[in-house]
Amino acid sequence: MARINQGGAPMASPEHDSGQLPHFVRSFGWGVVAWLPVIILLVAWEVVARSGTVTPFMLPTLTRVFERMGSELVSGELPIAVGLTLWRALAGFVIAAVLGIALGLAMARNRFFYWFFDPIISVGFPIPKIAFLPILVLWLGFFDLSKITMIAFNTIFPVVTATIVGVYSVEKEIIWSARNLGTSERGMLWEILLPAAMPQIFTGLQVALPIALIVGVLTEMAMGGYGVGGSMQTASRMADSLGVFAGIFEIAVVGYVMVKLMAMLRRHLLRWHQESQEPTTV
Amino acid sequence: MDSAVLDRAAAGGAQAANAQIVIDRLSHTYRPAHGRPVLAIDDVSLTVGRREFLALLGPSGCGKSTLLYQLGGFLPTETGTITVDGKKVQGPGPDRGIVFQHFALFPWKTVRANVMYGLQRMSLPKAEQERRAQEFIDLVGLSGFEDSYPSQLSGGMKQRCAIARTLAIDPEILLMDEPFGALDAQTRHLMQTELLAIWNRSPKTVIFVTHDVQEAVYLAQRVAVMSARPGRIKAIIDLDFDRRDPHLTKSKAFVDKVDEIWELVRGEAIKAQAGKA
């Protein structure tokens with residue numbers, strides 16, 4: 001290391017001279033390649049928007065969308081809207097995660113729970129839960145409570161099913177080993193089944209998280225008020241297409257960051273699990 | 001033939017004043033949720049002495065693993081009885097440690113945490129737990145890998161870890177279900193030698209399930225040959241080799257014994273194959 005720096009040149013070490021670029025250039029290069037489709041799409045957008053074939057009302061230029069986001073950021077509108085949407089999505093997600101894992105464990109371990117909830121889950125999973133929104137509004141009002149309930153209601157299904165599958169797929173030899181080594185009936189659930197099922201449970205959570213965000217924005221659009229969804233709806237009513245596109249961008253960035261953070265959390269928590277260490281787009 | 005064998009098994013049991021495990025007229029039927037019930041074990045009686053190394057040898061699907069799982073208390077005993085030290089087996093217990101073919105390690109725990117797991121469930125002081133865990137990690141040659149996860153280990157190392165985890169709770173009886181069956185030939189040979197060394201250092205009653213005749217003859221003091229399904233004890237062969245002899249496996253006596261037992265097993269293996277077809 002010191003030897004390389006002696007030369008003072010920010011070049012790769014002589015060993016790497018065989019036409020190889022420095023590591024950071026290569027990884028940056030690959031980053032560009034990986035993101036190229038998105039960049040192409042954005043450039044195409046800008047070109048079409050500037051070409052005059054569509055009105056700025058139909059499709060504003062990217063530069064103007066970014067300008068709008070910048071001014072919303074400065075005015076504080078953007079942080080409030082994104083913050084509220086994130087809070088609702090995450091609150092609903094956490095409730096769904098806790099209840100979903102608990103219900104999944106109960107169903108996987110207890111015949112009565114399984115008998116009772118399995119048909120309900122089977123019927124409920126494909127139902128568009130958003131259809132319950134009008135009734136939820138009547139029951140719970142149109143503030144956070146109904147929105148968060150709706151988010152949790154939508155996201156709990158993949159968590160429950162992933163937990164059941166996870167517990168069911170724990171090898172019987174692992175359970176037998178645990179029993180052999182003195183695990184109690186209660187210990188079996190917390191010490192063995194839950195950690196062993198964690199890779200599948202986490203996959204369920206990774207499916208649930210984007211759903212939480214999607215449903216969050218949907219409920220905000222349907223009910224109005226503060227939040228990214230509500231702002232977009234308001235902007236649309238006022239024929240402010242720039243505001244709508246700004247909202248779409250905000251959601252895209254928030255969603256991407258959340259999904260990536262979740263993948264990082266998985267790699268850290270499940271570092272014992274080989275498949276979890278492999279790079280993934282989710 | 002069968003009744004003669006049974007008489008001999010019974011006689012062996014009577015002789016062995018230090019009989020530890022007594023299996024008496026054990027039968028077991030698998031009842032799958034869909035399909036016909038399968039008689040896996042048919043009227044097996046067997047006595048195993050304290051600190052004896054017994055190999056259960058038979059073709060795949062002959063019920064030898066089922067017998068082991070019943071001994072471990074993982075499967076219920078329906079017909080017949082199994083007693084250990086005069087007590088009926090009614091569930092798993094730390095007196096009977098088990099090692100599985102596919103290791104069954106806790107993949108979310110490090111090597112040290114795997115070995116510690118059983119110790120934590122015994123009322124031992126923390127320092128003693130750690131000392132014993134390290135002792136057995138060293139014993140199986142995993143020093144330096146204490147903080148590795150099972151997914152980072154080779155098959156042989158995983159099985160070393162599983163053996164350490166089981167030995168750490170100091171069971172009197174070691175049940176081994178084809179423990180080296182998933183390993184490559186060289187690793188398997190090394191592990192066999194090390195198992196014998198461990199057994200010589202602290203003799204335990206070992207019941208070693210295998211379908212490898214050479215392995216059974218190399219390791220065991222007695223080999224119980226099982227028939228194709230339904231599993232019965234077809235013959236019991238006493239062995240008296242000096243296993244410290246490095247050329248043992250090449251000696252005529254050893255090779256002859258392997259051939260003799262292979263003859264017994266071959267017919268059963270063919271039957272087992274035909275049964276599958």
Discussion item. I need the phi-derived Karplus couplings for region A:264-273: 6.51 cos²θ - 1.76 cosθ + 1.60, θ = phi - 60°, integer Hz, Gly and Pro marked x.
Written reply: 5, 4, 4, 4, 6, 5, 9, 5, 6, 9
Worksheet entry | chain A, relative contact order in percent, only Cα pairs under 8 angstrom and at least six apart counted | 20 percent
Worksheet item: Taking R0 as 25 Å, what's the FRET efficiency between A:SER184 and A:VAL259 from their Cβ-Cβ distance, rounded to 0.05?
Response: 0.05
Fill in: Centre separation in Å (Cα based) which lies between region B:23-79 and region A:120-184
40 Å
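Which order do A:LEU21, B:LEU46 take when ranked by solvent-accessible area (1.4 Å probe, heavy atoms of all protein chains), largest first?
Numbers: A:LEU21 95, B:LEU46 5 Å².
The residues order as A:LEU21, B:LEU46, largest area first.
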Worksheet item: Tell me, what is the percent relative contact order of chain B, built from C-alpha pairs under 8 Å that lie six or more residues apart?
Response: 25 percent
Item to complete: Go through A:ILE127, A:ASN110, A:GLN200 and say which Cα lies farthest out towards the positive end of the charge dipole of region A:62-277; charges sit on Cβ, +1 for Lys and Arg, -1 for Asp and Glu.
Response: A:ASN110
Discussion item. Going by average Cβ density within 10 Å per residue, which order do the peptides B:51-59, B:112-120 take, highest to lowest?
Written reply: B:51-59, B:112-120
Worksheet item: Which order do B:VAL38, A:VAL82 take by accessible area at a 1.4 Å probe, largest first?
Response: B:VAL38, A:VAL82
Worksheet item: Among A:PRO37, A:PRO56, A:PRO119, which one shows the biggest mean-square fluctuation in a GNM of chain A, springs joining Cα atoms closer than 10 Å?
Response: A:PRO37
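As a test of reading the structure, rank B:ARG50, B:ARG131 by solvent-accessible area (1.4 Å probe, protein chains only), most first.
Ranked list, largest accessible area first: B:ARG131, B:ARG50.
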Worksheet item: By how many degrees, 0 to 90 and rounded to 10, does the Cα axis of helix B:126-139 deviate from the longest principal axis of chain B?
Response: 60 degrees
Item to complete: Output the pairs from B:LYS88/B:LYS250; B:LYS126/B:LYS204; B:LYS250/B:LYS271; B:LYS126/B:LYS158; B:LYS204/B:LYS234 with a Cα-Cα distance over 32 Å in this structure; if there are none, say none.
Response: B:LYS88/B:LYS250
Worksheet entry | Residue-level accessible surface for B:LYS64, protein heavy atoms, 1.4 Å, Å² | 10 Å²
Discussion item. Over the Cα atoms of region A:62-277, what radius of gyration and what Dmax do you get, in Å?
Written reply: 20.4, 69
Worksheet item: Applying 1/(1 + (r/R0)^6) with R0 = 45 Å to the Cβ-Cβ distance of B:ALA185 and B:ARG51, what FRET efficiency is obtained, to the nearest 0.05?
Response: 0.95
Fill in: Net length gained if the chain between A:SER75 and A:ASP118 were fully extended (0.36 nm per residue, minus Cα distance)
10.6 nm
Worksheet item: Quick one: how many Å² of B:HIS102 are accessible to a 1.4 Å probe, rounded to 10?
Response: 120 Å²
Practice prompt. Would you mind pulling out the separation of the Cα centroids of region A:63-78 and region A:222-282, in Å?
Written response: 17 Å
Worksheet item: Label points 7 Å out from Cα along the Cβ direction at B:ARG266 and A:ILE40: separation in nm?
Response: 6.6 nm
Worksheet entry | Where labels lie 7 Å past Cα in the beta-carbon direction, separation of B:HIS34 and A:VAL207 in nm | 2.2 nm
Fill in: Simple Cβ-charge dipole of region A:62-277, Lys/Arg +1 and Asp/Glu -1, about Cα centre, in debye nearest 20
300 debye
Worksheet entry | 10 Å Cβ neighbours from other chains, averaged over peptide B:101-110 | 5
Item to complete: State to the nearest 20 debye the size of the charge dipole of chain B about its Cα centre, where the only charges are +1 on K and R beta carbons and -1 on D and E beta carbons.
Response: 520 debye
Practice prompt. With springs connecting C-alpha atoms under 10 Å apart, model chain B as a Gaussian network and identify which of B:ALA40, B:ALA253, B:ALA164 has the largest mean-square fluctuation.
Written response: B:ALA253
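The values are calculated or read from the model by the stated rules, or taken from the named source; none is laboratory data. No experiment lies behind these values; they were computed from the predicted model shown. Every residue, glycine among them, receives a Cβ derived from its backbone with ideal geometry; neighbour counts consider all protein chains shown. All accessible areas refer to the heavy atoms of the entire protein, side chains included, with ligands and DNA or RNA removed. Shrake-Rupley method; radii C 1.70, N 1.55, O 1.52, S 1.80 Å.
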